[in-house]
Amino acid sequence: MQLTIRSRLVMLSSALLLVLAATTGYLTHKLAGEAAATAKAADMFAVADRASSARIAFGELRYWNTDLAVSQLTLAEQKAAAARDRMEKDLDRLSGQKPERIAKVRAELAEYAEFAGKAVDAYTNDQRVIGNSLLAQARQHSLVLDELLGSIVTEVSADAITARDQVVADAGSATRIAYAIFVAAVLGGALLTFLVLRSISIPLRALVAAMNGLIAGQVEVDIPPAGPDEIGAMARILALFRDTLNELRETLGRLKAAQANLVHAEKMASLGQLTAGIAHEIKNPLNFVNNFADLSVELLDEVKTATSPAVAMLGDDERAEVDETFEMLTGNLEKIAEHGRRADSIVKSMLLHSRGGSADRQTADINALVEEALNLAYHGARAQDQGFNITQDRDFADDIAPIELVPQEITRVLLNLFGNGFYAANKRSHQTSDPAYRPALKVSTRDLGGEVEIKVGDNGIGIAPEFRDKLFTPFFTTKPTGEGTGLGLSISYDIVTQQHGGTITVDSRVGEFTEFTIRLPRIAPTGAPARGATPDSAAASGES
Amino acid sequence: MTVSILIVDDEADVADLFRQRFRREARQGTYVLHFAYSGEEALEKLAAEIEPQLIVILSDINMPGMDGLALLREIKNRWPTLPVMMVTAYGDDERRRRASEYGAAEFLTKPVDFDLLKAQLRQLPDASP
């Protein structure tokens with residue numbers, strides 16, 4: 001249906017009104033015709049009455065004329081004149097209907113009247129024979145006249161009856177036609193109404209179904225095609241609604257993901273701050289421990305030197321005992337110093353979390369940076385373990401546009417990732433019984449336009465799924481005590497996400513591979529928090 | 001020549017540490033160590049006494065009450081030629097810049113490298129009046 005609902009309803013009521021008006025007009029017309037026919041039939045009955053009346057009047061005339069001829073009385077003459085008069089009037093009336101026949105009647109009447117008048121005159125003159133003859137002639141005419149009048153009466157009456165029967169028949173057919181029109185109008189109107197309502201209700205129902213679907217949250221709900229009518233307009237708006245809803249839902253999804261990332265980043269950041277804060281607190285007492293341990297070694301040496309002549313004077317057993325005690329003391333102090341230094345290096349790593357935002361961004365060639373870090377890591381690993389070997393697979397994208405970053409920090413991240421990759425691959429080569437296994441590290445770079453991607457993958461032992469969430473948490477490590485601080489990845493996470501506004505993700509399968517993906521945006525977020533500086537700046541504000 | 005060193009730090013063990021680290025120099029009479037545990041105490045000691053010999057002040061920055069930088073300004077106000085070395089656990093650029101702006105001779109970060117400190121002390125210009 002191409003018309004608007006309004007036009008459809010207007011057309012429907014127009015059609016119904018039209019049918020009503022036509023029916024009424026037809027019936028009115030029929031009724032008027034019937035009334036005219038009825039009146040005409042009534043007229044014809046009146047004519048028949050006239051004809052009868054004329055016949056009766058002629059009968060009287062004949063009687064009184066005969067009476068007059070015999071009695072010669074004035075009364076008879078008067079009566080005859082009155083009857084003739086009445087008959088003439090009736091004939092006048094009838095002449096409109098049957099002029100020829102009436103003219104004949106008048107002619108006969110004139111003949112009759114003439115003979116009758118002559119007969120009366122003859123009787124008046126006592127010429128009885130002549131009178132009788134004339135009267136007989138008048139009677140001849142009167143018989144013709146009577147017959148004429150009788151036929152006229154019969155004819156007119158028959159006409160009247162025919163007219164009346166016609167009227168009755170016409171009225172019957174008009175009633176049937178009116179009834180048929182009424183039934184047709186009712187049926188047609190009902191059908192039209194049904195069609196119009198259907199043309200509205202079907203798309204409306206589809207629309208309601210679509211709305212209910214949308215409310216129930218079915219995003220891919222079918223919306224009826226948009227026609228040019230009001231429902232079409234509603235369908236268009238609903239489609240717009242659905243699209244907006246879809247967009248909103250997608251945006252919400254992205255927002256939730258971003259929020260989750262943010263929450264995670266925030267958690268990591270506060271852990272980093274906590275770590276740095278703890279490191280600051282531990283640093284001072286540790287300094288004292290280390291300093292006094294160093295001093296004690298020196299002091300013990302001095303005591304040894306100062307007491308050596310006296311000790312030399314002692315007996316062998318006692319001297320050996322004193323020497324042993326000195327050695328043990330020296331050894332203990334050296335152990336204190338050694339472990340103190342170890343603690344110190346951990347504290348220093350922890351403090352890397354509070355690098356602060358002072359490091360300068362520089363334009364760097366990412367491939368050169370990665371290559372340099374890879375060589376550094378490889379030679380570092382070789383220096384620690386002569387037997388160490390690994391296949392290095394480089395897949396660097398050409399023509400990556402230079403990117404702004406803090407080179408030494410990204411190098412630190414890369415060294416951590418390469419170191420971990422070497423460790424995992426090396427460990428697998430020690431564990432595996434597969435003689436074909438060759439440790440390998442694959443490093444690739446890619447330009448994504450707004451971001452630069454670095455992937456570091458190894459075919460080592462992999463990371464168990466339950467560890468993946470904790471991977472970037474400070475102090476989380478799967479390495480044996482003393483081999484890792486658990487700070488490398490947490491610091492890397494800080495550098496990539498906090499300092500550079502990038503992302504670092506991990507994909508791994510136990511016993512197969514681990515792959516880290518770093519993405520660094522070309523344009524670092526302006527609000528990138530220099531969060532590492534927080535403990536310092538808090539202290540600074542306390543001072544000033 | 002004896003050089004007086006005034007060490008300002010709110011942590012008492014710093015005194016022991018310096019005494020032991022400088023025990024040979026103290027024995028030889030190269031340095032005389034004085035200690036103050038707050039900026040205020042340092043100013044009192046400076047105003048009241050101490051040898052007219054070259055005085056070097058080693059001050060922590062982060063102290064309750066008058067902090068090291070405030071002490072540095074006050075000292076530079078009253079004894080402009082007195083060499084002052086600042087020591088802090090926080091080696092950030094901002095502190096370094098302010099210390100240098102206020103006229104600190106050196107800026108050391110904790111833990112103090114005593115060999116380096118001794119070398120720097122030897123290089124100080126003879127500021128004796």
Q: Go through segment A:118-160 and give me each residue that's within 19 Å of A:M44 (Cβ to Cβ) and open to solvent by 30 Å² or more (accessible area, probe 1.4 Å).
A: A:S151, A:T154, A:E155, A:S157, A:A158, A:D159
Q. Looking at this structure, is A:Q166 in the same structural domain as A:E34 (by TED's automatic domain parsing), buried (at least 16 other Cβ atoms within 10 Å of the Cβ) and at pLDDT 85 or above?
A. no
Q.
A:E88 - would you say it is without any contact (Cβ under 8 Å) to a residue 60 or more places away in the chain and over 25 Å from A:D126 (Cβ atoms)?
A. yes
Q: Might you check whether a residue that is in contact with a Phe, Trp or Tyr (Cβ under 7 Å, 6 or more places away or on another chain) and closer than 30 Å to A:L351 by Cα occurs anywhere in segment A:238-258?
A: no
Q) Do you know which of the residues in segment B:85-101 that are in a helix (DSSP H, G or I) and surrounded by 21 or more Cβ atoms within 10 Å (Cβ to Cβ) is nearest to the other protein chains (Cβ to nearest Cβ)? A) B:R95
Q: Among the residues of segment A:282-302, write down those that are more than 10 Å from chain B (Cβ to nearest Cβ) and open to solvent by 60 Å² or more (accessible area, probe 1.4 Å).
A: A:I282, A:V289, A:D301
(Q) Would you confirm whether or not segment A:23-30 contains a residue that is within 29 Å of A:A233 (Cβ to Cβ), of a type in the set (K, R) and out of contact with any Phe, Trp or Tyr (no Cβ under 7 Å at 6 or more places or on another chain)? (A) no
Q. Within the set of pairs 6 or more residues apart or between chains, which connect a residue that is open to solvent by 70 Å² or more (accessible area, probe 1.4 Å) inside segment A:465-487 to a residue that is part of a loop (DSSP other than H, G, I, E, B) with Cβ atoms less than 6 Å apart?
A. A:K470/A:F476; A:F475/A:G486
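For every residue, the table says whether it meets (1) surrounded by 14 or more Cβ atoms within 10 Å (Cβ to Cβ); (2) touching a Gly at 6+ places or on another chain (Cβ under 8 Å); (3) modelled with pLDDT under 85; (4) assigned to a helix (DSSP H, G or I).
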{"site": "A:T24", "(1), (2), (3), (4)": "no, no, no, yes"}
{"site": "A:T38", "(1), (2), (3), (4)": "yes, no, no, yes"}
{"site": "A:F45", "(1), (2), (3), (4)": "yes, no, no, yes"}
{"site": "A:W64", "(1), (2), (3), (4)": "yes, no, no, yes"}
{"site": "A:V70", "(1), (2), (3), (4)": "no, no, yes, yes"}
Q. Of the residues that sit in segment A:408-435 and are free of Cβ contacts under 8 Å to residues at least 60 places away in the same chain and touching a helix residue (DSSP H, G or I) at 6+ places or on another chain (Cβ under 6 Å), which one is most open to solvent (accessible area, probe 1.4 Å)?
A. A:L415
Q | Wholly enclosed helices (runs of 4 or more DSSP H) of segment A:393-506 bearing at least 3 residues within 47 Å of the chain's Cα centre (by Cα) | A | A:465-468, A:488-493
Q. With A:L255, A:L248 as the choices, which residue is farther than 30 Å from A:Q499 by Cα, at pLDDT 80 or above and among the hydrophobic types (A, V, I, L, M, F, W, C)?
A. A:L248
Q: Scan segment A:521-535 and give yes if some residue there is modelled with pLDDT of 85 or more, touching a Leu at 6+ places or on another chain (Cβ under 6 Å) and either more than 14 Å from chain B (Cβ to nearest Cβ) or part of a strand (DSSP E or B) (or both), otherwise no.
A: no
Q | Check on B:G65, of a type outside the set (D, E), within 14 Å of another protein chain (Cβ to nearest Cβ) and at positive phi | A | yes
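The values are calculated or read from the model by the stated rules, or taken from the named source; none is laboratory data. It should be emphasised that the depicted structure is a prediction, and the values quoted were computed from it without experimental measurement. For neighbour counting, all protein chains shown are included, and Cβ atoms are generated from backbone atoms with ideal geometry for every residue, glycine included. Surface areas here come from the heavy atoms of the whole protein model, side chains and all, with no ligands, DNA or RNA. Shrake-Rupley method; radii C 1.70, N 1.55, O 1.52, S 1.80 Å.
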